[in-house]
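In what follows, a single structure is set out as structure tokens and then discussed.
None of the figures in this text is laboratory data; all of them are computed from the coordinates on show. Quantities reported herein were computed from a predicted structural model and do not represent experimental measurements. All Cβ positions, glycine included, derive from the backbone under ideal geometry; neighbour counts span all protein chains shown.
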């Protein structure tokens, strides 16, 4: 019973800022793209509050 509740809760969980940043960096195609993405993350593109 609790297993299905846990699965449902995990499905609704919002990724943390760190998880979103890491996923974005992992999508880089090459070193130059990775460096560009790292600069964007350092500038705080995922940490802006709206």
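Scanning the range 19-29 for residues that are surrounded by 10 or more Cβ atoms within 10 Å (Cβ to Cβ) and part of a helix (DSSP H, G or I) turns up 19, 20, 21, 22, 23, 24, 25. Just one of the listed residues (45, 32) is out of contact with any helix residue (DSSP H, G or I) (no Cβ under 8 Å at 6 or more places or on another chain), exposed (fewer than 13 other Cβ atoms within 10 Å of the Cβ) and without any contact (Cβ under 8 Å) to a residue 24 or more places away in the chain, namely 32.
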